[in-house]
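The values are calculated or read from the model by the stated rules, or taken from the named source; none is laboratory data. Note that this is a predicted model, so its numbers are computed, not measured. Counting neighbours? That spans all protein chains shown, and the Cβs are built from the backbone with ideal geometry, glycine included. Side chains are part of the model used for accessible areas, which takes the heavy atoms of the whole protein and leaves out ligands, DNA and RNA. Shrake-Rupley method; radii C 1.70, N 1.55, O 1.52, S 1.80 Å.
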Amino acid sequence: MLFNSFGFLLFFPCVFLLYYALPFRFRKFLLLASSWYFYMCWKPEFIVLILFSTAVDYFCGLGIGRWRQRRGIFLAISLVMNLGLLFFFKYFNFFGQTLTALCRAVSIPWSVPVLDIILPVGISFYTFQTLSYTIDVYRGKLAPERDFVTFALFVSYFPQLVAGPIERAENLLPQLKEEHPFSYDNAVSGLKLMAWGFFKKCVAAAYLAMWVDPVYGNVTAYSGGALVVATCAFALQIYCDFGGYSDIARGCARMMGVELMVNFRSPYFFSHSIGEYWKRNHISLSEWFHQYVYIPLGGNRKGRLKKYCFLTVTFFLSGLWHGAAWTFVTWGLLQAVYLIGEDLARRIRPDTGNTLKPGHFRHVLSILRTFALSCFSLIFFRAGSMGDALYVVRHLLDGLANPLAYGKAAYWAVSPGTVSLAATALSVALLFVYDLADEHGGAIAAVSRRPLVVRWCVYVGFLLMLVMLIPRETPAPFIYFQF
């Protein structure tokens with residue numbers, strides 16, 4: 001069930017009203033049934049995978065809590081079962097085809113069969129969420145959850161089930177146990193956040209896609225500035241698409257009294273380094289890899305060379321998490337190269353970045369540099385194959401000797417029309433203003449403090465703009481559903 005569908009616009013109000021109509025002791029059953037129904041609207045049979053992961057990690061958590069001396073066995077069971085399912089559904093064909101290619105390269109007549117496997121939506125997200133619970137129980141940071149229904153709800157909580165944010169049990173589980181009386185402030189604030197999320201997904205991301213999809217659907221038909229425009233547009237598209245999902249998820253949860261973690265903090269407009277970018281972009285996943293991969297490997301504690309190796313391994317796995325293709329692996333490795341380069345630059349010039357003030361020319365240049373580096377890596381993220389990605393890299397600068405002609409050719413090659421151009425420009429401008437306000441206390445809070453007349457002018461104007469600008473095409477699925 002897509003957030004941007006009529007089905008969800010019927011589903012969520014019903015759940016919301018029933019949630020507050022029912023006595024507290026029945027609410028978790030309502031939310032669990034609603035969450036399972038939400039997931040089963042895609043393919044009912046794949047609910048078995050969520051039930052399996054839930055049961056495995058529930059009993060492994062209890063086992064770790066009861067038999068501390070053998071807790072390593074239960075952790076191993078959880079890792080093997082969860083990662084085994086993830087490997088089979090997401091990576092079996094990828095590694096099989098890679099192994100087959102290697103065998104052919106050395107003239108070994110052997111191949112791995114290609115299976116007709118459907119990737120279950122959201123499996124990467126809920127697998128990491130359940131694994132974080134088991135690992136935290138193993139580390140002694142968390143007591144095992146004994147109520148199966150509450151734990152099952154933690155695994156499958158519908159607002160963030162299929163695309164995050166990847167919540168930690170220490171944050172979400174206690175909130176699912178608390179009684180949340182109806183709060184007008186939470187309901188209104190959550191509704192506003194959802195409305196902004198719908199704007200980012202249904203308007204901004206939709207119009208940006210018009211600049212991206214034709215080019216990356218047939219990259220060899222384009223060159224030069226057209227490839228640059230499409231790549232930069234994709235950076236903003238994926239931010240609006242995934243950020244929109246996260247805002248809707250947080251808004252839904254807030255209306256029912258639950259506060260999910262912030263997953264994005266203006267990653268493109270205010271990051272002056274790749275390091276800062278990864279503190280602002282897909283925060284729940286970045287923190288997951290930092291806590292459960294990078295630090296256990298050794299983090300910063302074992303010298304510079306090993307630190308760089310750990311960074312490389314972490315971002316290799318992050319790229320692989322995003323997709324079973326070498327393009328995603330390349331994207332991940334580029335992040336490691338960027339971070340290692342920034343660390344070396346800081347060692348050569350220790351004051352690098354420390355004297356930059358917001359608005360300063362060097363500060364603006366550092367933001368533009370970070371955006372450019374991120375966009376370059378996203379070529380591999382968006383391209384359909386490594387061949388397409390390398391074609392884009394080779395032809396980015398075609399015609400740049402004549403900058404004016406370069407820009408004109410880019411516009412005429414990819415522009416979807418004057419109306420779409422205006423809608424795109426308006427969307428990006430609003431996105432920048434919203435993110436700027438968020439850097440200074442929050443856009444929604446800033447509007448809420450205005451006089452009544454001003455507030456309602458903003459609300460009505462925003463809703464009219466949202467309705468009028470939404471393209472009439474079939475609602476597009478969220479990009480991160482494929483991961």
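Here are a few things to note about the model shown:
- Listed peptides 233-244, 329-340 by packing density, highest first (mean Cβ within 10 Å): 233-244, 329-340
- Evaluating kT/(6 pi eta Rh) at 25 °C and 0.890 mPa s, with the Kirkwood radius of segment 209-344 over Cα pairs in the Stokes-Einstein relation, gives 146 µm² s⁻¹.
- With 5 Å bins from 0: P(r) over segment 1-81, alpha-carbon pairs, percent: 3, 13, 16, 15, 14, 15, 11, 9, 4, 1, 0
- Estimated from the Cβ-Cβ distance and a Förster radius of 51 angstrom, the FRET efficiency linking Ala425 and Ile73 is about 0.30.
- Sequence ranges 85-93, 458-466, ranked by mean other-Cβ count within 10 angstrom, highest first: 85-93, 458-466
- Relative contact order, percent, segment 38-126 [alpha-carbon distance under 8 Å, six or more residues apart]: 21
- Accessible area (Å², per residue) of segment 220-292, counting only protein heavy atoms and a probe of 1.4 Å: 25
- Gain upon complete extension [Phe361, Leu22; 0.36 nm per residue less C-alpha separation]: 116.4 nm
- Shape category assigned to segment 142-242 from the gyration tensor of Cα positions, a/c cut at 1.5: prolate
- Rough spin-label spacing in nm, given labels placed 7 Å along Cα→Cβ, for Ala221 and Ala476: 1.6
- Semi-axis lengths, Å, segment 375-452, gyration tensor of Cα atoms, sqrt of 5 times eigenvalues: 36, 18, 12
- Span from the segment 412-467 Cα centroid across to the segment 37-90 one, whole angstrom: 42
- Low-density loop cleavage sites - GluC sites (Glu not before Pro) in segment 213-315, where at most 13 other Cβ are within 10 Å (DSSP): Glu259
- Taking N as its residue count, the alpha carbon Rg of the chain over 2.2 N^0.38 Å: 1.02
- Förster radius 30 Å - calculated FRET efficiency between Trp110 and Val313 (Cβ-Cβ, nearest 0.05): 0.55
- Ranked by how many other beta carbons lie within 10 Å on average, peptides 133-142, 217-226 from highest: 133-142, 217-226
- Placing a label point 7 Å from the Cα of Arg265 along the Cα-to-Cβ direction, the residues of segment 174-201 with a backbone N closer than 20 Å are 193, 197.
- Centroid-to-centroid separation of segment 309-331 and segment 178-245 [C-alpha atoms, Å]: 23
- Cross-link partners of Lys43 among lysines, defined as those whose alpha carbon lies under 25 angstrom from its own and excluding same-chain residues fewer than eight positions apart: Lys28, Lys90, Lys201.
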